[in-house]
Every structure is written in C-alpha cells, then in structure tokens.
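Undergrad: Can you read through this structure? Questions will come right after.
Nothing in this text is a laboratory measurement; each read-out follows from the coordinates by a stated rule. Small disclaimer: the values here were computed from a predicted structure and weren't measured. Glycine also receives a Cβ, built like all others from the backbone with ideal geometry; neighbour counts cover every protein chain displayed.
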Amino acid sequence: MMTETPSNRDYLDYLAEIYRLSDDSSQHDGMVSTSALADLLMVTAPAVNRMVTKLKELGLLTHEPYKGIMLTSAGVKEALVRVRNQRIAEAFLVRVMGFKWHEIFHEVNNISRALSEPVALRMLAMAENPQFCPHGEPIPDADGHIATMNDIPLASAESHKNYLITRVRTREADRLEYLAALGLIPQTDITVVHSAPFDGPIQLKLGGEYRIVGHNLAQRIHVKEIS
C-alpha cells in the first residue's frame, strides 16, 4: 500500500502505470480512470487521489473530473524512464536468466526501481540488445524515444488473412502461461480462419494446427497483417 508521503519510487511507479493504461487501445482518448489505476496498483482510491494531486502540481499530468487523468509530455518522458527499466529487466530475466515470461512480473517491478542507466545498459547488452521485451512491447531508448506499434487487436482481425503476432498485452501469469502453451507468442505467424459474430471465439491456424481463442483474450493479443 502507498504511504502518506509519496517517495520518488512511488512517483515513478504511478507514472509508468498511467502510461501503460493510456497506451492500451481499450482506453478512450488516452484518458485513464483513477479507479482503474487504483486496481492496477492495488492501492486505495484516497492514495491514488493524493498522488494525482501531487503529479498535477508537478505538471506531469492533467485531471478532468468525471473523465480521468492524462500524462503531459513531461509526464510521458518521466514515465518512459521506468518503462525502459521494466522492459530491459524483463528481457534480461527471460533471455539471460531463463525465466518464463509469466514468472517475472514481481521480480521486474523490484529490479526496475533500483536500476541505474549503466547497469541497465549492461543488462541490455547481455540480453543481446533486443528492441522489444518478451511480451513484444518496444523498449524505449535512453533518450525517451519509443517505437510506434502499428498493430491491431486480434479480435479486430479479418478472417482468411495471415497475421504476425506483435505483442501480448496482459500481465496475468495464467493467461501468459496458457498462450505460451498454445504457441501464441510474439513473432509467430498465424492465419485467422474464422471469427464468430457477436464477440464470439476466433479460430486460428498455427502451422498445421488449429487453435480457438475467446474474444476477451483476443483483445489482448496484437497482430499485423502479413501480405
């Protein structure tokens, strides 16, 4: 839980999570609800309100009552510092230390809070300088630049077309483990065989095998069409 006096660690945690929520395509106009932020961080609504007030005073976000909060350009820059460390830590734990992608959430949060830039650079080099984390999200560079992902949710993909899985946008360990077991991981080619109407399941072909994915899970898998 948050303490009464926010530390620098808490401040960056909040910015990173606001960025993550606003970057999610399911969010409307980039606005993030304080209740969604509280749920993600597992803190109370009053704790979120105190931090939102502090970050607003620092010019790192704007707050519109009944609509939500949004990072300013300065807030995005600060957020990407923590996001960079998180994604470097993810790549290091999976590529170098042999963790599975569903095992690293809590370790990544702890490691990323303490990373200096020299250590982050060494970890990145040891992981062979990936441009993306194991979940397919782009790793920001040291100057705060981040690649744009021109992809779409699998739930919006058309039938009888081929796609490349670009990223998986969930942290839930059971979902990640399930997707790995199905072979539905970033940089995998798939064919959408059929999408059932009214948010029904989606039938996929992966190599010579077929998979069925529910609509909600398909919202968390992002893809690009392959010509």
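Undergrad: For the range 152-225, take every pair of Cα atoms, bin their distances at 10 Å starting from 0, and report each bin as a whole percent.
TA: 22, 62, 16, 0
Undergrad: Sorted by mean Cβ packing within 10 Å, highest first, what order do the peptides 159-165, 194-200 take?
TA: Highest mean packing first, the order is 159-165, 194-200.
Undergrad: Also, I was wondering about something else. Once phi is turned into ³J(HN,Hα) by the Karplus curve 6.51 cos²θ - 1.76 cosθ + 1.60 with θ = phi - 60°, what whole-Hz value does each residue of the range 207-215 show in order, with x for glycine and proline?
TA: Once rounded to whole Hz, the list reads x, x, 10, 10, 9, 10, 10, x, 4.
Undergrad: If a/c stays under 1.5 just call it rounded; otherwise compare a/b with b/c (prolate if a/b is bigger, oblate if not). Do that for the range 64-111, with a ≥ b ≥ c from the square roots of the Cα gyration tensor eigenvalues.
TA: prolate
Undergrad: Which one of LEU15, VAL76, LEU115 is farthest out on the positive end of the charge dipole of the chain, using unit charges on Cβ (Lys, Arg +1; Asp, Glu -1) and the Cα centre as origin?
TA: After comparing all options, I get LEU115.
Undergrad: Kindly write out, for the range 180-197 in residue order, the coupling ³J(HN,Hα) from the Karplus curve 6.51 cos²θ - 1.76 cosθ + 1.60 (θ = phi - 60°), rounded to whole Hz, with x marking Gly and Pro.
TA: Rounded to whole hertz, the list is 4, 5, 7, x, 9, 10, x, 6, 9, 7, 9, 10, 7, 7, 7, 10, 5, x.
Undergrad: Give the shape of the range 20-67 as rounded, prolate or oblate, defined through the alpha-carbon gyration tensor: a ≥ b ≥ c are the square roots of its eigenvalues, a/c under 1.5 means rounded, and otherwise the shape is prolate if a/b is larger than b/c and oblate if not.
TA: oblate
Undergrad: When the chain is modelled as a GNM with alpha-carbon springs shorter than 10 Å, which of VAL83, VAL119, VAL108 fluctuates the most?
TA: It is VAL119.
Undergrad: Under the Kirkwood approximation applied to all pairs of distinct alpha-carbon atoms, what is the hydrodynamic radius of the chain in Å?
TA: 18.7 Å is the Kirkwood radius here.
Undergrad: If packing is taken as the average count of other Cβ atoms within 10 Å, what order do 219-227, 37-45 fall into, highest mean first?
TA: With the highest mean Cβ count within 10 Å placed first, the list reads 219-227, 37-45.
Undergrad: If I take every Cα pair under 8 Å that is 6 or more residues apart in the chain, average their sequence separation and divide by the length, what percent do I get for the relative contact order?
TA: Result for the chain is 15 percent.
Undergrad: List the relative contact order of the range 152-225 as a percent without decimals, with contacts defined as Cα pairs under 8 Å and 6+ residues apart.
TA: Relative contact order here is 45 percent.
Undergrad: Given H placed on each backbone N at 1.01 Å, which residues far from ARG167 in sequence or on other chains put an amide H within less than 5 Å of it?
TA: Amide H neighbours of ARG167, under 5 Å, 5+ apart: HIS222.
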